[in-house]
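Before any comments, here is the structure.
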Amino acid sequence: MTKRTVIRDIPDVLAAIPLTLGFQPVESVVMVAYRDDKSSFIARADLLPTASQQQTLAEYLIAAAINNGRTAVVLVYYTADAELAEQHASKCAEVIAAEGLKLTTAIRVHDGHFFATQVSDPQLAQQEPGGLPFDNASHPATLEAHFDGHVVRESRADLAQSLKEYDQADARKIKLELRSRRRSQPLTEASRYADARWLQHRLRSFAEDRRPLDVRDCAKVLDLITDIELRDIAWMAMKERSMVWMDFWLQMTRRSSQLRANDRKSAVALLAFASWHAGDGAMAWCAVEHCLNLDRHYSMAHLISDILMNAIPPDAWKASDDSIFEVFRNADPADPSGASAS
């Protein structure tokens, strides 16, 4: 939702949208909201059929722009239904005017063409009823992203499915390693201090060297974060906004694919947070939904869902220090067993 793009013209906007979302939107409204310095963020939602639903969606989108300090809006409607796009654009335009923001333009996109709407440019809509062509494939931003290995999925469903793509041999090794670890090194209260410090150190090491975890360390991390407090220690490790942590927890989510739901949900929830924190709202939503499919009551997934629904900007996040964790308050650092101080 909140990846930054630079607004120059409509072809730039149309190229930036799928690159930012990670998929090609269909039957969607995409809002690109920006401010004077041209920094922007992108939000997407499904198009809705009724006037009351459209009003609610308009209020939600414009509230997101305001919450993130944006003052101007570009609206893009991906649909063949010109009437539906006009209905949505009309509702958004009313809310934008009421809130004192600027509607830069509202366009409809279909079949390689963009069309002006009656709401924002009735003269152009009459002059160019067949729309104006554009080609994302040849846009410099698309070419650069392709060169860098960036993948744009065909749809949101494809993006959600990407969370479940995994190497079967690797996932099976992790499953066996986790089973072996729990037989030989069960997670106990006495070991929690040492485990917590190991987890912190291992995550810091990854942040420095970016090397994928081997099977043993991957299984250990997945085991430790089933403990809620240890999961939160991994959560607080994400102090800086970075794609690094999103990539890390995406790989952990994929590598845990053969484990039981209870052994997978923490990694998926951490992916949801890391994605939101990195500015990738689309991936964050996919992770939230995946996590709730594993456990519909999982509180961290509901928390991230609320953050996304309320369009809270990632810059609002402030990580806590170790003092909030009971495992560090109660353990004696001089005692390698992690036993409580007397």
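All of the numbers you see were taken from the coordinates with simple rules; none came from a lab. A quick note: this is a predicted structure, and the numbers were derived from the prediction, not measured. Cβ placement follows ideal geometry from the backbone for every residue including glycine, while neighbour counts extend to all protein chains displayed.
Odds and ends about this structure:
- For the stretch 36-142, the fraction of C-alpha pairs more than 25 angstrom apart is 22%.
- Whole-angstrom Cα spans of the chain along principal axes, big to small: 79, 41, 35
- Table column - 3J(HN,Hα) (Hz), the stretch 231-248, Karplus curve with 6.51, -1.76, 1.60, x for Gly and Pro: 4, 5, 5, 5, 4, 6, 5, 8, 7, 10, 5, 6, 5, 4, 6, 4, 5, 4
- Total formal charge among the other residues, if their Cβ is under 12 angstrom from that of Ser305, Lys/Arg +1 and Asp/Glu -1: -1
- Pairs of Lys residues in the chain that lie 8 or more places apart, or on two chains, and have C-alpha atoms under 20 angstrom apart add up to 14.
- Fraction of antiparallel bridges per DSSP, the chain only, in percent to nearest 5: 75 percent
- Averaging over all projection directions, the Cα-based convex hull of the stretch 197-289 occupies 5.3 nm² in the image plane.
- Counting every alpha-carbon pair across the stretch 161-330, the share separated by more than 23 Å comes to 36%.
- Using alpha-carbon coordinates, inclination of helix 51-67 to the longest axis of the chain, degrees: 60 degrees
- Amide hydrogen neighbours beyond the local backbone of Val152, cut-off 5 Å, H modeled: none
- In terms of packing, defined here as the mean over residues of other Cβ atoms within 10 angstrom, the peptides 225-238, 119-132 line up highest first as 225-238, 119-132.
- Derived scalar couplings ³J(HN,Hα) [the stretch 190-197; Karplus, 6.51 cos²θ - 1.76 cosθ + 1.60; whole Hz; x for Gly, Pro]: 5, 8, 5, 5, 4, 5, 5, 5
- By DSSP, the beta bridges lying fully in the stretch 10-152 are antiparallel in about 75 percent of cases.
- Summary value for the chain: 17 percent relative contact order, contacts being C-alpha pairs under 8 angstrom separated by 6+ residues.
- Summarising the amide proton neighbourhood of Ala311: residues at separation of 5 or more, or on other chains, whose placed amide H is nearer than 5 Å comprise an empty set.
- Loop-located GluC sites (Glu not before Pro) in the stretch 70-167 (DSSP state not H, G, I, E or B) with no more than 11 neighbouring Cβ atoms inside 10 Å: Glu154, Glu165.
- Summing charges over all other residues whose Cβ lies under 9 Å from the Cβ of Phe328, with Lys and Arg as +1 and Asp and Glu as -1, gives 0.
- Computed over neighbours whose Cβ is under 9 Å from that of Arg108, the net charge equals -2, Lys and Arg +1, Asp and Glu -1.
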